Amino acid sequence: MTRDITEGAPDAMTDLAGTFTDVRRGMIPAHIYNDRELFEREKKEIFGRSWIFVAHESEVATPGDYVVRRVLRDSFIITRDEQGDIRAHFNMCLHRGMQVCRAEIGNASHFRCPYHGWSYRNDGRLVGLPFHQDAYGGEAGFQRKGQRLLPAPSLDSYNGMIFISLDPDAPPLAEYLGDFAFYLDYYTKQSPSGIDLRGPQRWRIKANWKIGAENFAGDMYHTPQTHTSVVEIGLFREPKAEKRKDGATYWAGNGGGTTYKLPPGDFDERTRYVGYPQEMVERMKKTLTEAQQRVIGEDGFMISAATVFPNLSFVHNWPRVADSDDVLPFISVRQWQPISENETEVLSWFAVDAEAPEEFKALSYKAYLMCFGSTGMFEQDDVENWVSLTNTAAGAMARRLRLNSRMGILADGTEVTPALSAEQFHGPGTAHTGYSEYNQRELLTRWADHLDRPATPAEPLEVGTLASGGQAQV
Amino acid sequence: MTATHSSRSVLGAHASRIERAGSTLAFDDSRHLQAHRWLVDEAWLLDAQDYTAWLETLTDDIHYLMPVRVTTALGAGFDTSPGMAHFDENKYSLSRRVARFLTEHAWTEDPPSRLRHHLSNVRTFATTDAEHLVVESATLLFRNRGDVHPGSLVSAGREDLLRNTADGWKLARRTILVDESVMRMQNLAIFL
């Protein structure tokens, strides 16, 4: 075990090596859910190096459209430029560091800094520099040509989902997602047109960001208890929330999720069972691969919640939206954006297939509002739990307690329920039916692995000088 | 002006389209006094979380809308998130929300919050229909949970359409324009 992980933190209270060892064996030191020192490490080693979701291409559908999104404290302008290309630039003027865009959504051909009037095209290029000749002596003093707002160090997308990484050497997004992409398609590629993403609703909760990520990755066990009330009021066709244990959890690549077991039927019947009209089912059959269809049609598992490391989650469910027996499916994309070790900004979007009938889109949106988001009846009870947990994790006793997160395995590591075979589950990765914490352990093991690696300091970036030729003019 | 939010919202097709006509009614106009009293009584019901009684004060065609506010450049022409709201409700979805609070398993309100809906800036307008009034108000909700957590606030302006029925005035349409883009409350397990 490398020891440099504690260097530079002489007042560290945490035995980091011990913490990571405990996490890897599924015994979670409770203080990791409210620990400033660990959060400082998370900022650098997780959010400074992972692929972080910022927007979907449908949010910037036409040239000039932009949204402003953050990776922790760093603000980025996500634009579609006049050529139709997606760009992500650090929202900080190259001159004095003012935010060049102070709105969060809009359409603009240029961004002009209100401080000294430097202006940038929506592709990031610096095009306006007042008194360039008088003040700087022109190009000899400040090289305007070729200057642009700092681009996100890495930018990539999958099914229109735009991710950025602060690491210029980040692996390609497809490699980062790995086999989880198989499951991401269910949420984001129900037709060749993909999704329209609407929102987000944004709100801040006094909870650590990891709790939501873990919950969506694999916590089928909480459903019968936490969400009893939504079953009691008749929002679901299934009379008992403990149906969840018949579903499967899977972990594949850099993410994992939960499923529901559906009643007997083929792909069409099972997909209609959760409320998709036949015309959408037909399009899914064209866009989903044979293996993706077999998970539903043969294996009988329908995707529900999921998380991609570190902080992007999904949910798919099918409540009643009127006083009838019909159910309507909805999809939500959500991000657990850390504010501090004990506060998270939740960004919750509604996603719907772009080719879905208008009536379906409206009712699916209603289903979303009733279940998830700032007013969602599921989400209300989840957040209450997470705030309480975070608050309790701050104290001295929480430093002693190791939370048992070993559900699904015996003391010697034997699985309570054996993993599903390739014939029982046609998706990639490892899947288990029944209640378990495999996925939470997978997520937190990644968390430990990221924190437990040597830091790589970022290179400074100079602008305007002739430094690219070697010598900065001082 | 806010009535247009209802007509543009995703789920507002069923909502009444009646709008204000003319300037504010005098503060001693009996219609203003009735509307103001209605709002004060409602604030009391919401503070007490007497949601069963509150549901009775809504018409069957209620549209209860709370758009998501967004920060946009001056002159952008919009300041709410296109196609997204916090609440975009009809009587059915409101009734499910209320029914949930009445179960013994709505954990987010067990123990219950302490709520105070502060009401001010009430302005009443006549409409083209004698049985309808438009009422604007400001509301500031203070919500406190548990013993040591600081309270949280929601500030919002509201535009309501009140309808005179056989059972007295009822709320037929409400648009809530919250004053924050990012809510500072852990959830909206409350009504405004």
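Read-outs throughout are calculated quantities, based only on the coordinates presented, and are distinct from any laboratory measurement. These numbers were taken from a predicted model, which means no experiment stands behind them. Here Cβ is always computed from backbone atoms with ideal geometry, including for glycine, and neighbour counts include all displayed protein chains.
What's the longest bit of chain A with no exposed trypsin sites (Lys or Arg not before Pro), using DSSP loop states and at most 11 other Cβ atoms within 10 Å as the test? Display every interim value, and only then the final one.
Details: sites that count: A:ARG3, A:ARG73, A:ARG96, A:LYS145, A:LYS240.
Here the longest run is A:241-474.
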Computed curve, the stretch A:52-157, Cα-only Debye sum without solvent term, log₁₀ I(q)/I(0) at 0.13, 0.22 Å⁻¹, is -0.45, -1.15
P(r) of the protein assembly as shown over all Cα-Cα pairs, 10 Å bins starting at 0, rounded to whole percent, reads 3, 14, 24, 25, 19, 10, 4, 1, 0
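Is it possible to state the helix-based mean residue ellipticity at 222 nm for chain B, with each DSSP H run of 4+ residues giving -39500 (n - 2.57), the sum divided by total residues, to the nearest 500 deg cm²/dmol? What is it?
Details: 4 runs with 42 residues, N = 192.
Value at 222 nm, helices only: -6500 deg cm²/dmol.
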Fewest-first ordering of A:VAL274, A:VAL416, A:VAL333, A:VAL315 by Cβ atoms within 10 Å yields A:VAL416, A:VAL274, A:VAL333, A:VAL315
With Cα springs under 10 Å, the Gaussian network model of chain B assigns the largest mean-square fluctuation among B:VAL40, B:VAL148, B:VAL134 to B:VAL148
The Rg/Rh figure for the stretch A:324-474, Cα atoms and Kirkwood Rh, to two decimals is 1.11
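List the equivalent ellipsoid semi-axes of the stretch A:179-451 in whole Å, largest first, each obtained as the square root of 5λ for an eigenvalue λ of the Cα gyration tensor.
Values: eigenvalues 164, 101, 61 Å².
Working from the Cα gyration tensor, I get semi-axes of 29, 22, 18 Å.
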So for the stretch A:288-380, using the alpha carbon gyration tensor with a ≥ b ≥ c as root eigenvalues (a/c under 1.5 gives rounded; past that, a/b versus b/c decides prolate or oblate), I'd call it oblate
If R0 = 41 Å, then A:ASP246 and A:SER324, at their Cβ-Cβ distance, give a FRET efficiency to the nearest 0.05 of 0.95
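Please compute the contact order of chain A in relative form: average sequence separation of alpha-carbon pairs under 8 Å and at least six residues apart, divided by the residue count, as a percent. Display every interim value, and only then the final one.
Values: 964 pairs, mean separation 96.0, N = 474.
RCO, chain A: 20 percent.
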quick shape note, chain B: Cα extents on principal axes in Å, largest first -> 48, 44, 30
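Summing -39500 (n - 2.57) over the DSSP H runs of n ≥ 4 in chain A and dividing by its residue number, what mean residue ellipticity at 222 nm do you reach, to the nearest 500 deg cm²/dmol?
Details: 15 runs with 131 residues, N = 474.
Roughly -7500 deg cm²/dmol at 222 nm, from the helical runs in chain A.
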Projected area averaged over all directions for the convex hull of the alpha carbon atoms of the stretch A:168-259, nm², comes out at 9.0
